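Visitor: Just dropping this structure here.
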Amino acid sequence: MTTATVSPVTSISPVKAIEHGIILAGRNLRKTLKSPEQLIDVTIMPVIMLLMFVYLFGGAIGGGDRDGYLQMLLPGLMAQTILFATLGTGVGLCTDITKGVFDRFRSMPIARSAPLFGAVLGDAIRFVASSVFLLGFGMILGFDITTDAASALLAVVVTVAFGLCLCWISAWVGMLVKSPQAVPGAMIAFIMPLGFVSNVFVQTGTLPAWLKAFADIQPVSLLAEVNRGLLTGGPVGGPLLGTLAWMAGFVAVFYPLAMVTYRRRVA
């Protein structure tokens, strides 16, 4: 009987590293398709939020015009939903580490970055499901896309891309904490201000000046403005440039942090 040995990987080209990441993203995709209940948090919860704000608070916030409030709320809620959906990336990564899944990856001849890259890319299915389901349910309630199909598709694409960039914060936190249950608690201090101190639920003109200054330039507000412009008409260029700048910043700062923390964690 002979024992097989695995040669250590000394160098992997960037193209191969991307290929390995895509293969592992496929693993995450298959896991989601086999357990569709994993999509409950990104489909049912946003719908509950939509119903609650339109029918409980919409009359008061919208001055009695619930239909008008729905037109304002839904594009912003797409942005806020993606923000909360990124929690799943950190929880999933931390769970894999605590269960020893990453130890198995280390024994395989794949790029070191592939497990993290694959986990982030694999979450795209959650973001697509979230955006499409919320938009479809909103249309059942009476939301009207007043632009065109191409603009609506672009709104979904930008929202999903925003989620993929934002995921690196959650991935970094997932590498830092010791248990998956700690990820939501650690992320909530970042997510809550971005989700609620924004123009998603009310126009920022009603906020104090110092709070309005923050709400107008933070990424969720900018993405909400992009979605409103693409779905119901309005300015898109300025908010889109701001959103893209935030997306680039998230990746530039948190991708290296996640990779460094990951290598220390599994070393």
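Visitor: How would 19, 225, 37 rank on accessible area, largest to smallest, probe 1.4 Å?
Guide: 37, 19, 225
Visitor: So how far apart, in nm, are the two label points at residue 30 and residue 192 if each is 7 Å from Cα heading toward Cβ?
Guide: 4.0 nm
Visitor: Full-extension gain between residue 263 and residue 203, please, as 0.36 nm times their residue separation minus the C-alpha to C-alpha distance.
Guide: So the extension gain works out to 17.3 nm.
Visitor: Relative to the longest principal axis of the chain, what angle (0 to 90°, nearest 10) does the C-alpha long axis of helix 40-52 take?
Guide: Tilt of helix 40-52: around 10 degrees.
Visitor: Okay, next question. Please calculate the 1.4 Å probe accessible area of residue 194, with all protein chains present, and give it to the nearest 10 Å².
Guide: Estimated to the nearest 10 Å², residue 194 gives 10 Å².
Visitor: On to the next question. How much length is gained on full extension from residue 214 to residue 106, taking 0.36 nm per residue of separation minus their Cα-Cα distance?
Guide: Stretched fully, the residue 214-residue 106 segment lengthens by 34.6 nm.
Visitor: Ok, one more. Mind grabbing the accessible area of residue 73 for me, 1.4 Å probe, Å², rounded to tens?
Guide: Accessible surface of residue 73 is approximately 0 Å².
Visitor: Under 26 Å Cα-Cα from residue 99, which lysines qualify once same-chain neighbours fewer than 8 residues away are excluded?
Guide: Output for residue 99: 31, 34, 178.
The values are calculated or read from the model by the stated rules, or taken from the named source; none is laboratory data. In this text, all values refer to a predicted model and were calculated from it rather than measured experimentally. Ideal geometry is used to build each Cβ from the backbone, glycine not excepted, and the neighbour counts take in all protein chains shown. Keep in mind that these areas ignore ligands, DNA and RNA; they rest on the heavy atoms of the full protein, side chains included. Shrake-Rupley method; radii C 1.70, N 1.55, O 1.52, S 1.80 Å.
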